[in-house]
Amino acid sequence: MNRVYIKTYGCQMNERDSEQVASSLRDRGYSVVDNEFDADVVLLNTCSVRDQAEQKAIGKAGYLAKRKRSDPNFMIGVLGCMAQNRGSELMDRLPDLDLIVGTQKFHAVPDHLDHLIKSYSAQGPRPATVLDIDEEEGSQNAIKDHLPKQDQVSAFVSIMQGCNMNCAFCIVPKTRGRERARPMEQIVEEVHELAEQGVKEVTLLGQIVTSYGRRDFPVVDGKSPFVQLIERINDIDGIERIRFTSPHPRGFKQDLVEAYRDVPKLCEYVHLPLQAGCNKTLRAMNRPYTKERFREIVDSLRAVVPDMYFSTDIIVGFPGETEEDFSESAAFFEDIGFDMSYIFKYSIRTGTPAETMLDQISTEEKERRNHVLLDILAKRSLWRNEQLVGTVQEILVEGPAKKGDKFVGKTRGYRNSIFDGDERLIGQLVQMKVNRATASTIYGDLVLAGVDTI
Ligand code: 5AD
């Protein structure tokens with residue numbers, strides 16, 4: 001009864017939460033398996049940001065319920081954002097669920113499973129579904145443990161939970177609660193331990209990292225707590241690269257811009273969510289900035305790091321987005337020149353302000369707008385990668401490619417890179433001469449001191 005499989009939907013924060021659950025289950029004597037067919041317990045760690053993500057997890061839980069009918073001791077749990085968002089409604093919809101655990105209760109999963117297993121072993125009536133979706137003070141501090149993984153080059157580190165913004169389209173404030181930061185000391189300690197285990201790159205995670213600790217820690221020498229945290233991590237031996245996701249344009253101030261100039265390990269790549277490139281739509285979305293301000297941030301970053309890479313999130317078909325609004329947004333998207341982007345078709349979320357807005361956009365029109373942006377993005381990312389052909393890039397080697405006998409890694413600008421490598425190079429910074437590029441990947445040969453093949 002103690003083999004658990006965890007399936008994760010959604011963002012990096014969810015990946016990180018699943019890792020924490022896996023680690024705490026292992027500490028409790030469970031074995032965490034990598035395939036649902038070998039498991040006695042399947043936990044779905046879910047996403048609510050779009051309807052499609054919820055439907056996928058609901059479909060999967062329904063499918064697992066069939067197995068439970070032939071194997072009554074098989075257990076199914078729903079964790080994370082959808083558990084928080086839908087709560088007891090999930091019990092009505094999916095009566096076979098054993099466990100529903102919200103985003104502030106991940107640390108309680110081992111206790112709940114212990115309890116359920118005991119009840120099942122007692123062979124009485126089926127135990128009642130456990131529903132645990134309360135808020136809990138300090139729960140952000142529970143996302144701190146990592147599974148020891150062989151050859152782990154890169155790790156996610158959760159620095160905060162929650163979001164105090166009120167974007168009209170977004171369910172996250174409901175699923176993740178109010179902003180709560182982890183103490184800086186604990187984060188620094190966690191990164192130290194990761195470095196000792198051989199991790200070379202950390203990605204700091206939070207719903208809005210630029211808000212990190214703004215109520216808990218003072219500004220020092222004009223630097224926000226988030227920038228102070230980046231500087232502290234920069235000082236940790238063994239860590240070679242620092243990334244983060246996601247900042248908010250409103251909190252992206254000059255101290256963070258200057259960190260890209262002054263903090264050597266901070267990689268010249270930023271994921272900066274735009275959401276719309278039209279001021280009317282930004283206002284309707286309740287995003288507190290204009291496209292002119294967004295442009296200013298991009299320009300100030302390019303002024304300190306000319307070859308900065310930009311990635312973004314953008315939504316097409318927000319209610320009331322007219323053809324002209326969209327054209328304006330698309331033109332701005334093209335003008336900025338994003339190297340990577342997630343492009344989302346607006347999805348109605350129950351309970352958000354945009355749910356009841358008039359002028360919802362048709363599915364076909366959202367699809368069309370999606371393609372317009374995808375085309376712009378494909379051209380730009382191919383062009384940007386082609387600029388690298390003939391240059392030598394620093395790559396952090398991650399491991400063997402999924403297919404073939406090549407190796408994969410990334411540049412500081414987060415370009416996927418493929419080359420002939422060697423197990424011994426995993427976790428090393430190497431130099432690659434780029435000889436070919438596609439929109440998503442650069443290919444090349446490793447060189448020593450810019451000349452010889454290794
Ligand atoms: N519909 C479509 N996309 C959404 N996002 C958030 N809410 C919605 C929604 N209702 C997108 C935003 C956000 C990303 C994580 O998901 O672009 O930045």
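Structural remarks
- Rg ratio for the chain: its Cα radius of gyration over 2.2 N^0.38 Å, N being its residue count, equals 1.02.
- Given +1 at the Cβ of Lys and Arg, -1 at the Cβ of Asp and Glu and no other charges, the dipole of segment 392-452 around its Cα centre is 320 debye to the nearest 20.
- Total charge dipole magnitude, segment 247-334, about the Cα centre, Cβ charges on Lys, Arg, Asp, Glu only, Debye to nearest 20: 340
- Long-range Cα-Cα pairs in segment 392-452 (distance over 20 Å), rounded percent: 12
- Between SER341 and THR312, the built amide H atoms are under 5 Å apart, and every one of these is 5 or more places off in sequence or on another chain.
- With loop membership from DSSP and a limit of 14 other Cβ atoms within 10 Å, the longest segment of the chain without trypsin sites (Lys or Arg not before Pro) is 216-401.
- Each residue of segment 254-270 was assigned a 3J(HN,Hα) from its phi angle through the Karplus curve 6.51 cos²θ - 1.76 cosθ + 1.60 (θ = phi - 60°); the sequence is 4, 4, 6, 4, 5, 4, 5, 7, 9, 9, x, 7, 6, 6, 7, 8, 9 Hz, with glycine and proline shown as x.
- Karplus-derived 3J(HN,Hα) values for segment 14-28, using 6.51 cos²θ - 1.76 cosθ + 1.60 with θ = phi - 60°, are 5, 4, 5, 4, 5, 5, 5, 4, 4, 5, 5, 5, 4, 4, 8 Hz; glycine and proline are entered as x.
- Radius 15 Å from Cβ of ARG214, net charge of other residues (Lys, Arg +1; Asp, Glu -1): +4
- Projecting the Cα atoms of MET91, TYR30, PRO264 onto the charge dipole of the chain (Cβ charges, centred on the Cα centre) puts MET91 farthest toward the positive pole.
- Across the options HIS146, SER440, ASN286, the greatest Cα extent toward the positive end of the charge dipole of the chain (unit charges at beta carbon of Lys, Arg, Asp, Glu) belongs to ASN286.
- Which of GLY404, ALA354, TRP383, positive extreme of dipole for segment 326-406 (C-beta unit charges): GLY404
- Where Cα atoms sit under 24 Å apart: lysine pairs in segment 3-132 separated by 8 or more or lying on different chains: 14
- Summed residue charge, Cβ within 10 Å of GLY399's Cβ, Lys/Arg positive, Asp/Glu negative: -2
- Reachable lysines from LYS265, criterion Cα separation under 27 angstrom, eight or more residues apart if same chain: LYS144, LYS149, LYS200, LYS223, LYS253, LYS406, LYS410, LYS433
- Radius of gyration and maximum dimension Dmax of segment 28-110, Cα, Å: 12.4, 35
- Note on SER327 and ARG126: the extension gain reaches 66.7 nm, defined as 0.36 nm multiplied by sequence separation minus the Cα-Cα distance.
- HN-Hα J in Hz across segment 237-246 - Karplus 6.51, -1.76, 1.60, θ = phi - 60°, x for Gly and Pro: 4, x, 6, 10, 9, 10, 10, 8, 7, 10
- Relative to the Cα centre, the charge distribution of the chain, modelled as +1 at Lys and Arg Cβ and -1 at Asp and Glu Cβ, gives a dipole magnitude of about 740 debye.
- Proximity of backbone amide H atoms, modeled 1.01 Å from N, is registered between ARG436 and TYR443 at under 5 Å, excluding neighbours fewer than 5 places apart on the same chain.
- Under 20 Å from the Cα of LYS366 - aspartates and glutamates, other chains or at least 8 residues apart: ASP51, GLU54, ASP313, GLU321, GLU323, GLU324, ASP325, GLU328, GLU334, GLU355, ASP375
Readers should treat all values here as calculations from the given coordinates under stated rules, not as data from a laboratory. Note that the structure is a prediction, hence the values are computed from the model and not measured. A quick note on method: Cβ atoms are made from the backbone with ideal geometry, for glycine too, and the neighbour counts reach across all protein chains shown.
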